[in-house]
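The numbers here are math on the coordinates, done by the rules we state, and not lab data. These figures come from a predicted structure and were not determined experimentally. We place every Cβ from the backbone using ideal geometry, glycine too, and count neighbours over all the protein chains shown.
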Amino acid sequence: MMETSTALTANVQTELARRHKATKTTILSLLVAVFLLCILAFVSTRFLTERNNSPLHMPVLITILIFGLGAIAFRRTKFATMRLQDIAALQGASGLLISLQRATLQVALIAAAVAVIGFVATLLTGDASYTYRAGVVAAGILLYCYPVRYSWEQAVRRFTSENEPNPAENPS
């Protein structure tokens, strides 16, 4: 254990470890799935007829771009300091961990959607580059949203500090 983790109770440490492990496993599984989709696209190009589908080209690329940038904006919004403070104040450490896990998994699902969009475009056009491009974007999103345990511990420590004043003591 790190020396800074002593401030967290055993229950919070246990829940943190459990939620972090589940989230990390899901992210790594999705990363493997994206890699497998790229391999499947590479193998399937022998069986697909390449068609020039110019009306599909730009919409697919723009959709992948928007999903990629949207995932970054979504994560930054979900992990905003004021939002995490409010969640911790209302729901405590457990609610904060649930929020961290849900936001991370939601961003990971956006990455999975990007990979699937690229693969479907490959199936429709016979051009594997759609899957490769989408795979790179999806892998980038998944690595961006990868849950770092130390960051989660720091967030729990920061936002559920016991040094906060008691609202009952401060008559406003």
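Any chance you could give the angle, 0 to 90 degrees and rounded to 10, that helix 10-44 forms with the longest Cα principal axis of the chain?
Here the helix axis deviates by roughly 10 degrees.
Which residue, Leu109, Leu90, Leu37, has the most motion in a Gaussian network model of the chain that connects Cα atoms within less than 10 Å?
Leu90
Give the order of Asp127, Asp86 when sorted by the count of other beta carbons within 10 angstrom, beginning with the fewest.
Asp86, Asp127
Which of Ala89, Leu48, Thr77 sits farthest toward the positive end of the charge dipole of the chain, with +1 on the Cβ of Lys and Arg and -1 on the Cβ of Asp and Glu?
Leu48
If we restrict to alpha carbons, what Rg and Dmax does the chain come to, in Å?
20.7, 73
Quote the charge dipole size of region 1-146 about the Cα centre in Debye, to the nearest 20; the model charges only the Cβ of Lys and Arg (+1) and of Asp and Glu (-1). It would help to have the intermediate numbers written out before the result.
Values: 12 positive and 5 negative charges, 21 e Å.
That gives a dipole near 100 debye.
At most 11 other Cβ atoms within 10 Å plus a DSSP loop assignment makes a site exposed; report the longest stretch of the chain without any exposed GluC sites (Glu not before Pro).
51-161
At most 12 other Cβ atoms within 10 Å plus a DSSP loop assignment makes a site exposed; report the longest stretch of the chain without any exposed trypsin sites (Lys or Arg not before Pro).
On the way: sites that count: Arg46, Arg51.
Segment 52-172 is the longest.
Looking at region 1-107, which chymotrypsin sites (Phe, Trp or Tyr not before Pro) are DSSP coil and have at most 10 other C-beta atoms within 10 Å of their C-beta?
Phe47
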